[in-house]
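Rule-based calculations on the coordinates, nothing more; no lab input. What you see is a predicted model; the values in this text were computed from it and never measured. Here the Cβ positions follow ideal geometry from the backbone for every residue, glycine too, while neighbour counts run over all protein chains shown.
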């Protein structure tokens, strides 16, 4: 695989990552525009504190799962070509971004159910932090390919 093909694949990954990050901003905008009207129509008997704690624990579990899934999938057990590696790496990255974004969606849900706006910001910040940590970096991908792909 030549560098131009690799860069093309990498650009697609960057676009997906940027879209996921941008969606977090859209979630905050939606909450500020229509959040109050949605919050008024929800049932106030929902145990918000219990649900919030459950979603925080679930978020920690998701972050841990991302780490181990990436570690397992990216461990090269046999000789791979660059194309075979990218067939594993790109879907893995998209799944990682989706799991990270779901943490932001937890904040959106809990906010609509009646929790405070700062809790929304905490979930969004955690989600953005995980997305930023696993952001696509071309040099890292190239280095990984040089070290592990045969």
How far apart, in nanometres, would the label points at residue 69 and residue 57 be if each is projected 7 angstrom from Cα along the Cα-to-Cβ direction? 2.1
Using the 10 angstrom Cβ neighbour count as an exposure proxy, how do 59, 127, 19, 37 rank, fewest first? 37, 19, 59, 127
Along each of the three principal axes of the Cα atoms of region 17-62, give the extent in whole Å, ordering the values from largest to smallest. 37, 31, 9
Taking the number of other C-beta atoms within 10 Å as the exposure measure, put 55, 74, 6 in order starting with the fewest. 74, 6, 55
Using Cα-only point scatterers and the Debye equation, what is log10 of I(q)/I(0) for the chain at each q in 0.09, 0.13, 0.16, 0.20 Å⁻¹, rounded to two decimals? -0.37, -0.66, -0.86, -1.15
Computed lengthening from residue 121 to residue 139, 0.36 nm per intervening residue step minus Cα-Cα distance: 3.4 nm
